[in-house]
Amino acid sequence: MKIQDSAVNDVRAAHLVSERWLADVGSKDPSVRIIDVRWYLLGKSGREEYARGHIPGSVFVALEDISADQGPGRHPIPSAEKFTAAMRAAGVSATTHVIAYDDAGGSIAARLLWLLHRYGHARASVLDGGLPAWTAAGLPLSTEAATPPAGDFVAKLDPSISALDKVHVNAARERTRSGDALILDARAVERYRGDSEPVDARPGHIPGAKSAPWSSNLREGRFKSSEELKEQYRALGAERAREVIVYCGSGVTACHDWLALKLAGVGGVHLYEGSWSDWARDPALPAATGMDDGANANSGGGT
């Protein structure tokens, strides 16, 4: 998939905003809606953290409110109806510029960005650096929950923002040997190797997948330059592959790789919806461990 050099600066400007822009411009623009999507795999509650302090005017949206109740993996893609309801409750309308933020390098905010694009709302950005960048700049927090008027957002599926199932991914992994397909695992390296697995059915990764932790897209909490990201993903084979698929534990932080690839000029990247939480619980699907990209794949349900 050819890495495009043109217009990468425009793509970056459309998808990332700084804390200074948000404080000086965005927070004063009535068309801007700031959404706090903090979420944690284990331990803390995003809603409780929001109550302790958030960017003034921001609305909290729980990850569960923008995930389906049933489907592949732990965080299936919500229906158009459920996503419409969540965005309207957050005060999002057709002309709204959504700014999503978290306190984890954009790893959760990127999921909201992906969903907005999937449902036809491209006027959306991630706060680069998130809440840590905001507070480091000496900007204030609020404990007052925002209650915006309901928006008129309507989810309209954009088929170009695609989500794949395990059947498609299983077929694609055979093409990773030739480099025709590239499957990227956005989880931490320890989970990719199978050293640990805190929540899913078994450790390891999809055979043939390459490790591309979402955290590697960042430098000091912010996205690397587009040129750095381009070189990073070129080294993984993004330019050679005709199909690029990203996955993680449940399809959330993989969206960070999707965004990084977009910033690098790689378009048409596909998300494996159920990700490892879907793959790992199917004993018919193979798993690999270590850093050999699949040479130690096993064919059954064991580790």
Next item on the list: Restrict the check to the stretch 135-151 and report whether at least one residue is in contact (Cβ under 8 Å) with a residue 60 or more places away in the chain, crowded, with 20+ Cβ neighbours inside 10 Å and touching a helix residue (DSSP H, G or I) at 6+ places or on another chain (Cβ under 6 Å).
Entry: no
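Being surrounded by 17 or more Cβ atoms within 10 Å (Cβ to Cβ) and in contact with a helix residue (DSSP H, G or I) (Cβ under 9 Å, 6 or more places away or on another chain) narrows it down to one of 68, 23, so name that one. It would help to see each step written out before you state the result.
On the way: 68 fails: surrounded by 17 or more Cβ atoms within 10 Å (Cβ to Cβ).
Result: 23 is the single residue among 68, 23 that is surrounded by 17 or more Cβ atoms within 10 Å (Cβ to Cβ) and in contact with a helix residue (DSSP H, G or I) (Cβ under 9 Å, 6 or more places away or on another chain).
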Next item on the list: Among the candidates 158, 200, single out the residue that is in the same structural domain as residue 252 (by TED's automatic domain parsing) and part of a loop (DSSP other than H, G, I, E, B).
Entry: 200
Next item on the list: Please specify each residue of the stretch 199-208 satisfying the condition of being modelled with pLDDT under 95 and either in contact with a strand residue (DSSP E or B) (Cβ under 7 Å, 6 or more places away or on another chain) or closer than 22 Å to residue 174 by Cβ (or both).
Entry: none
Next item on the list: Collect the residues in the stretch 152-169 that are exposed (fewer than 14 other Cβ atoms within 10 Å of the Cβ) and either among the aliphatic types (A, V, I, L, M) or over 17 Å from residue 98 (Cβ atoms) (or both), keeping them in residue-number order.
Entry: 157, 159, 160, 165, 167
Check: Hey, among 69, 65, which residue is of a type in the set (D, E, K, R), farther than 16 Å from residue 254 by Cα and in contact (Cβ under 8 Å) with a residue 12 or more places away in the chain?
Finding: 65
Note to self: Restricting to the stretch 243-262, give me the number of residues that are closer than 12 Å to residue 185 by Cβ, hydrophobic (A, V, I, L, M, F, W, C) and either in contact with a Ser or Thr (Cβ under 7 Å, 6 or more places away or on another chain) or part of a loop (DSSP other than H, G, I, E, B) (or both).
What the structure shows: 2
Next item on the list: Inspect the stretch 263-278 for any residue being hydroxyl-bearing (Ser, Thr, Tyr), in a helix (DSSP H, G or I) and farther than 20 Å from residue 174 by Cα and give the result as yes or no.
Entry: yes
Next item on the list: Please state which one of 274, 204 is over 20 Å from the mean Cα position of the chain (by Cα) and crowded, with 21+ Cβ neighbours inside 10 Å.
Entry: 204
Next item on the list: From the list 191, 240, 234, pick out the single residue that is part of a helix (DSSP H, G or I), over 19 Å from residue 15 (Cβ atoms), touching a residue at least 24 places away in the same chain (Cβ under 8 Å) and in contact with a helix residue (DSSP H, G or I) (Cβ under 9 Å, 6 or more places away or on another chain).
Entry: 191
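Do the conditions hold for residue 104, that is, is it more than 14 Å from the chain's Cα centre (by Cα) and among the hydrophobic types (A, V, I, L, M, F, W, C)?
Values: more than 14 Å from the chain's Cα centre (by Cα): no; among the hydrophobic types (A, V, I, L, M, F, W, C): yes.
No; evaluated as a whole, the condition is false for this residue.
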Notebook entry, point to check: In the set 106, 57, which member is surrounded by fewer than 23 Cβ atoms within 10 Å (Cβ to Cβ) and in contact (Cβ under 8 Å) with a residue 24 or more places away in the chain?
Noted result: 57
Next item on the list: Evaluate the stretch 112-120: report whether one residue or more is in contact with a Phe, Trp or Tyr (Cβ under 7 Å, 6 or more places away or on another chain), within 19 Å of residue 66 (Cβ to Cβ) and either loosely packed, with under 15 Cβ neighbours inside 10 Å or not assigned by TED's automatic domain parsing to the domain that holds residue 88 (or both).
Entry: no
Margin query: I need the full set of residues from the stretch 50-66 which are closer than 24 Å to residue 223 by Cβ and within 18 Å of the chain's Cα centre (by Cα), in order please.
Written below: 60, 61, 63, 66
Next item on the list: From the list 299, 211, 196, pick out the single residue that is touching a helix residue (DSSP H, G or I) at 6+ places or on another chain (Cβ under 6 Å) and modelled with pLDDT under 95.
Entry: 196
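Results for (1) at pLDDT below 95; (2) over 23 Å from residue 250 (Cβ atoms); (3) of a type in the set (S, T, N, Q), shown as yes or no for each residue.
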| residue | (1), (2), (3) |
| --- | --- |
| 90 | no, no, no |
| 99 | no, yes, no |
| 104 | no, no, no |
| 107 | no, no, yes |
| 118 | no, no, no |
| 121 | no, no, no |
| 126 | no, no, no |
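The values are calculated or read from the model by the stated rules, or taken from the named source; none is laboratory data. None of these values were measured; they are calculated from a predicted model. FYI the Cβ positions are ideal-geometry reconstructions off the backbone, even for glycines, and counts take in every protein chain you see.
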